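Trainee: Have a look at the structure that comes next, please.
No value in this document is a laboratory result; all are computed from the given coordinates. Bear in mind the structure is a predicted one, so any value in this text is a computation, not a measurement. Glycine gets a Cβ as well: all are built from the backbone with ideal geometry, and neighbour counts include every protein chain shown.
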Amino acid sequence: MAQVIDGKKLAKEIQESVTKEVSELVKKGKQPGLAVVLVGDNQASRTYVRNKQKRTEEAGMKSVLIELPEEVSEAELLQQVEDLNQDDSIHGILVQLPLPKHISEDKVIDAISQEKDVDGFHPLNVGNLFIGKETLVPCTPAGIIELIKSTGESIEGKRAVVIGRSNIVGKPVAQLLLQENATVTIAHSRTKDLPAVASEADILVVATGRAKFVKKNFVKPGAIVIDVGMDRDENNKLCGDVDYEDVFEQAGFITPVPGGVGPMTITMLLKNTLTAAKKIICQTRLDGSDDFARKVLNS
Ligand code: GUN
């Protein structure tokens, strides 16, 4: 029978440590700031953004929401991103995706300053992740690694299978698992005999976007199963990409939906914003004889 990995509890613990560090910075007159840009009227995006804002404020950070109409031009949005790049009170910039069709998401992501890219989507940050350099890492994959580590099981030497190859979850989480010295397979919709591949995994990360896709025959007895899905079942009830009831007896550890990966994503966004703020503050103040910058660097 699986042990349930409590994402809500872990997210709360990490948020508490972020909040503590933020309050130290605020005492020194340096409040970290996150700007979220929301284009158009997508209701799901609006809900995500509202949650991000609430949690940012709870952590003691400055929170700025920039709302732009659906018809905003690409040039106007790029100018808005550039203004935020230049704004010293902002250390993290997140442009909520998806964007309207007339705007190139690639161009907008490229325009975000690499050091303020708290989503970890900028090609330079993606490249740094790939070559194992310290960088801003996408939030959901970073949260998944924390969830796996919270089991107390080591990742090193284990067989990890990631089902899904998106740029936001599948590819970056595979890179992070590789950095932790797992032996990593990325499986996807064209993989032959997926249950056989998946059931070799000591660590199985599922990001298919298909409700209850992973059944018991995909899971090695005792495996750690991480469910990234947020789907609706035939009764319109929230569920994951893993058939939780079917897999529960087989797995060693499992994340529930809701209450697993989901709560970790915003927490890692706050952690990234804090990391970005500490870096930016040090760089901008190290040119003078500045005690504060030294203290931050040494902390
Ligand atoms: N839309 C859905 N998830 C995300 C995310 O993690 N970051 C951004 N920028 N947009 C999203």
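Trainee: With the crude spin-label approximation of a point 7 Å out along Cα→Cβ, what separation in nm comes out for residue 246 versus residue 165?
Mentor: Placing both labels 7 Å along Cα→Cβ, they lie 2.4 nm apart.
Trainee: Computed FRET efficiency, Cβ-Cβ of residue 189 and residue 76, R0 41 Å: what is it to the nearest 0.05?
Mentor: Computed FRET efficiency for residue 189 and residue 76: 0.65.
Trainee: Using a simple spin-label model with points 7 Å from Cα along the Cα→Cβ vector, what separation in nm is obtained for residue 210 and residue 179?
Mentor: Modelled inter-label distance: 3.0 nm.
Trainee: Net charge near residue 211: determine it from the other residues with C-beta under 10 Å of the C-beta of residue 211, scoring Lys and Arg +1 and Asp and Glu -1. Walk me through the numbers before you get to the answer.
Mentor: Details: positive: 210, 212, 232, 237; negative: 231, 233, 234, 241, 243.
Summing Lys and Arg as +1 and Asp and Glu as -1 gives -1.
Trainee: Would you list the membrane-span-like helices of the chain, meaning whole DSSP H runs whose alpha-carbon atoms span at least 20 Å along their axis and whose mean Kyte-Doolittle value is at least -1.0?
Mentor: Numbers: long enough: 7-27 (30 Å, -0.63); 43-58 (23 Å, -2.27); 261-285 (36 Å, 0.41).
TM-like helix candidates: 7-27, 261-285.
Trainee: Within a Cβ distance under 12 Å of residue 40, other residues only, what is the Lys/Arg minus Asp/Glu net charge?
Mentor: On the way: positive: 46, 101; negative: 41, 67, 70, 71.
So the surrounding residues net to -2.
Trainee: Place +1 on the Cβ of every Lys and Arg and -1 on the Cβ of every Asp and Glu in the chain, take the dipole about the Cα centre, and give the residue among 239, 155, 167 whose Cα lies farthest towards its positive end.
Mentor: 155
Trainee: Mean-square fluctuation check for the chain, GNM, Cα pairs under 10 Å: which of 15, 283, 31 is largest?
Mentor: Taking springs between Cα atoms under 10 Å, the residue moving most is 283.
Trainee: Can I ask one more? Under the classification rounded if a/c is under 1.5, otherwise prolate if a/b is larger than b/c and oblate if not, where does region 94-162 fall, given a ≥ b ≥ c as square roots of the Cα gyration tensor eigenvalues?
Mentor: Judged from the Cα gyration tensor, region 94-162 comes out prolate (a/c at least 1.5, a/b above b/c).
Trainee: Here's something else I'd like to know. Quick one: of the DSSP bridges fully inside the chain, what percent are antiparallel, nearest 5? Can you show the working numbers first?
Mentor: Details: 2 of 32 bridges.
Counting only bridges with both partners in the chain, antiparallel ones make up about 5 percent.
Trainee: Using only alpha carbon positions, build the gyration tensor of region 1-107, then give the equivalent ellipsoid semi-axes as the square roots of 5 times its eigenvalues, largest first, whole angstrom. The partial results should precede the final answer.
Mentor: Numbers: eigenvalues 163, 89, 21 Å².
Each semi-axis is the square root of five times an eigenvalue, giving 29, 21, 10 Å.
Trainee: Could you calculate the contour length gain from residue 107 to residue 9, that is, 0.36 nm times the residue separation minus the distance between their Cα atoms, to one decimal place in nm?
Mentor: That pair, residue 107 and residue 9, stretches by 31.6 nm at full extension.
Trainee: Name the long-range amide H neighbours of residue 37: under 5 Å, sequence gap of 5 or more, or other chain; modelled H, no Pro or chain starts.
Mentor: For residue 37, whose amide H was placed from the backbone, the distant partners under 5 Å are 66, 94, 95, 96.
Trainee: I would also like to ask the following. Can you give the calculated 222 nm mean residue ellipticity of the chain, where each DSSP H run of n ≥ 4 adds -39,500 (n - 2.57) and the sum is split over every residue, rounded to the nearest 500 deg cm²/dmol?
Mentor: Helix-only estimate at 222 nm: -13500 deg cm²/dmol.
Trainee: Now a separate question. Per-residue HN-Hα couplings for region 247-260, Karplus 6.51 cos²θ - 1.76 cosθ + 1.60 at θ = phi - 60°, whole Hz, x for Gly and Pro?
Mentor: Result, rounded to whole Hz: 8, 3, 5, 7, 6, x, 9, 8, 8, x, 10, x, x, x.
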